[in-house]
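*Asks:* Please read through the structure below; I'll follow up with questions.
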Amino acid sequence: MSLAAAQERAAELNVISRKQRSLWQDARYRFVRNRAAMFGLVVIALAGLLAIFAPVLAPYDPTATFTAGGRQAPTLADPFWAGTKYVDPRYALGTDQIGRDILSRLIWSSRVSMVVGFVPVAIVFLIGVSVGMLAGYHGGWIDQILMRITDVVYAFPDLLFLIIIFATLRTHPIGDLMGGLVLMFAGIAIVNWVGMARLVRGQVLSLKEKEYVEAARAIGAPATRIMSRHLLPNALGPVVVAVAFGIPSAMLAEGTLSFIGVGIRPPTATWGVMINEGYQVFSTSPWPVLMPAACIAVVMLAFTFVGDGIRDAIDPRMKI
């Protein structure tokens, strides 16, 4: 066999071996090679570990006050703890205006922020996928009813709708459950499921006329089996991307609501609550605001990197 023929044969074998990888294997391969996405994944993992082990890692109770022997966060005149007033090593980041340890509150706040990021998005996934799948697959009057309900909810501005929900139900018994967390989960899910439903419906409309779906219908497969075994797995790509971007959006919504005073009830520590409380002394001591704001920004940026990495990984045009 000549050298050219051997090279051609080797190239053919290489193409064949590459074609044997599935779509999800290719996606995982490209995702792992994305440095920004891997960096974001590491940051998210660290934030998750911080949230899980907050009782062990936090040096103090986040609601405890230390009026004697403590130190406040540095002022603008003494920004980096350079003066003799800020020398107590027991409080690494100082205390806030009422004497609570800022480092402990930052660590405990990661718990609420991560939970608020994941739980409402899981609810959004369940509701949005169910509604979108039913509307797209069955069509007809089912599609009309579900999509008109979706349009009504979609017509409300997200933030305004959330504020109305919290202002109305904040004094209701449901607003007291888990310090307002249950209401936060419900509010964010109610506002955001419509986008997921529209996305899934569009994917199902483009997939339900494919040959493999027609073949499943021809052999008498029930609708539930077709939706769960054929349509949902093939529609998961953009849905996963939407979930990845939905998590930081939910965290930002919690921070915004807590900042304007209608979110999680104090003294529960969240980054949004810390910004709201620290803003009162921002003109003299900006650090109680800047530190939780930096935490929100870093975690949201990490989720954005991961979302971009997932989007690039599952895009067929990015296949190498």
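*Asks:* Looking at V131, V112, can you tell me which residue is in contact with a Ser or Thr (Cβ under 8 Å, 6 or more places away or on another chain), in contact (Cβ under 8 Å) with a residue 12 or more places away in the chain and within 29 Å of R225 (Cβ to Cβ)?
*Replies:* Exactly one residue qualifies, and that residue is V131.
*Asks:* Look through S249, S206, S228, S258 and report the one residue that is closer than 25 Å to V306 by Cα and among the polar types (S, T, N, Q). Steps first, answer last, please.
*Replies:* Numbers: S206 fails: closer than 25 Å to V306 by Cα; S228 fails: closer than 25 Å to V306 by Cα; S258 fails: closer than 25 Å to V306 by Cα.
Unique residue meeting the criteria: S249.
*Asks:* Filter the range 202-221 for residues that are among the polar types (S, T, N, Q) and exposed (fewer than 14 other Cβ atoms within 10 Å of the Cβ) and give the result.
*Replies:* Correct list: S206 only.
*Asks:* Scanning for something of a type outside the set (S, T, N, Q), exposed (fewer than 13 other Cβ atoms within 10 Å of the Cβ) and either under 21 Å from I264 (Cβ atoms) or at pLDDT 65 or above (or both), does the range 6-17 turn up at least one residue? If you could, list the steps in order and put the result at the bottom.
*Replies:* Within the range 6-17, the first condition is being of a type outside the set (S, T, N, Q), and the residues that meet it are 6, 8-13, 15-16.
Add one more test, that the residue is exposed (fewer than 13 other Cβ atoms within 10 Å of the Cβ), and what stays is 6, 8-13, 15-16.
Those left that are additionally either under 21 Å from I264 (Cβ atoms) or at pLDDT 65 or above (or both): none.
No.
*Asks:* So which of L160, L199, L169 is surrounded by fewer than 19 Cβ atoms within 10 Å (Cβ to Cβ), touching a helix residue (DSSP H, G or I) at 6+ places or on another chain (Cβ under 7 Å) and over 15 Å from V124 (Cα atoms)? Explain how you work it out, then say what you get.
*Replies:* On the way: L160 fails: touching a helix residue (DSSP H, G or I) at 6+ places or on another chain (Cβ under 7 Å); L199 fails: over 15 Å from V124 (Cα atoms).
Just a single option satisfies the conditions, and that option is L169.
*Asks:* Consider I188 against the criteria (1) over 20 Å from the mean Cα position of the chain (by Cα); (2) surrounded by 12 or more Cβ atoms within 10 Å (Cβ to Cβ): it satisfies all of them except one. Which criterion is unmet?
*Replies:* (1)
*Asks:* Looking at A242, A235, A253, can you tell me which residue is in contact (Cβ under 8 Å) with a residue 24 or more places away in the chain, among the small types (G, A, S), farther than 30 Å from I164 by Cα and part of a helix (DSSP H, G or I)? It would help to see each step written out before you state the result.
*Replies:* Numbers: A242 fails: farther than 30 Å from I164 by Cα; A253 fails: farther than 30 Å from I164 by Cα.
Answer to the check: A235.
*Asks:* Assess whether F305 counts as being of a type in the set (F, W, Y) and more than 20 Å from R111 (Cβ to Cβ).
*Replies:* So F305 passes the test.
*Asks:* From the list G246, G272, G255, G263, which one is among the small types (G, A, S) and more than 20 Å from G48 (Cα to Cα)?
*Replies:* Working: G246 fails: more than 20 Å from G48 (Cα to Cα); G272 fails: more than 20 Å from G48 (Cα to Cα); G255 fails: more than 20 Å from G48 (Cα to Cα).
One residue alone meets the criteria, G263.
*Asks:* Shifting gears a bit: Which of the residues belonging to the range 141-164 are more than 22 Å from the chain's Cα centre (by Cα), under 27 Å from L205 (Cα atoms) and at pLDDT below 85?
*Replies:* Within the range 141-164, A155 is the sole residue that qualifies.
*Asks:* Could you grab me the full set of residues in the range 97-140 that are in a loop (DSSP other than H, G, I, E, B) and crowded, with 23+ Cβ neighbours inside 10 Å?
*Replies:* Residues of the range 97-140 in a loop (DSSP other than H, G, I, E, B): 97-99, 139.
If the condition is that a residue be in a loop (DSSP other than H, G, I, E, B) and crowded, with 23+ Cβ neighbours inside 10 Å, then no residue fits.
*Asks:* So R201 fits all but one of (1) under 21 Å from the mean Cα position of the chain (by Cα); (2) at pLDDT 85 or above; (3) among the charged types (D, E, K, R); what number is the exception?
*Replies:* The single condition R201 does not satisfy is (1).
*Asks:* Among the β-branched types (V, I, T), modelled with pLDDT under 85 and part of a helix (DSSP H, G or I): which single residue out of V42, V32 fits that description?
*Replies:* Details: V42 fails: modelled with pLDDT under 85.
Only one candidate qualifies: V32.
Here is a yes/no grid of residues against (1) under 16 Å from A235 (Cα atoms); (2) of a type in the set (V, I, T); (3) in a helix (DSSP H, G or I):
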{"position": "I142", "(1), (2), (3)": "no, yes, yes"}
{"position": "V152", "(1), (2), (3)": "no, yes, yes"}
{"position": "L177", "(1), (2), (3)": "no, no, yes"}
{"position": "A186", "(1), (2), (3)": "no, no, yes"}
{"position": "I190", "(1), (2), (3)": "no, yes, yes"}
{"position": "V194", "(1), (2), (3)": "no, yes, yes"}
{"position": "G202", "(1), (2), (3)": "yes, no, yes"}
{"position": "R217", "(1), (2), (3)": "no, no, yes"}
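*Asks:* Something else: Here is a list of conditions, (1) more than 24 Å from F259 (Cα to Cα); (2) loosely packed, with under 13 Cβ neighbours inside 10 Å; (3) touching a residue at least 40 places away in the same chain (Cβ under 8 Å); (4) not basic (K, R), and M147 meets all of them except one; can you say which number that is?
*Replies:* Of (1) more than 24 Å from F259 (Cα to Cα); (2) loosely packed, with under 13 Cβ neighbours inside 10 Å; (3) touching a residue at least 40 places away in the same chain (Cβ under 8 Å); (4) not basic (K, R), only one is false for M147: (2).
The values are calculated or read from the model by the stated rules, or taken from the named source; none is laboratory data. Just so it is clear, the structure is predicted and the values come from calculations on it, not from any experiment. Positions of Cβ are backbone-derived with ideal geometry, glycine not excepted, and every protein chain shown enters the neighbour counts.
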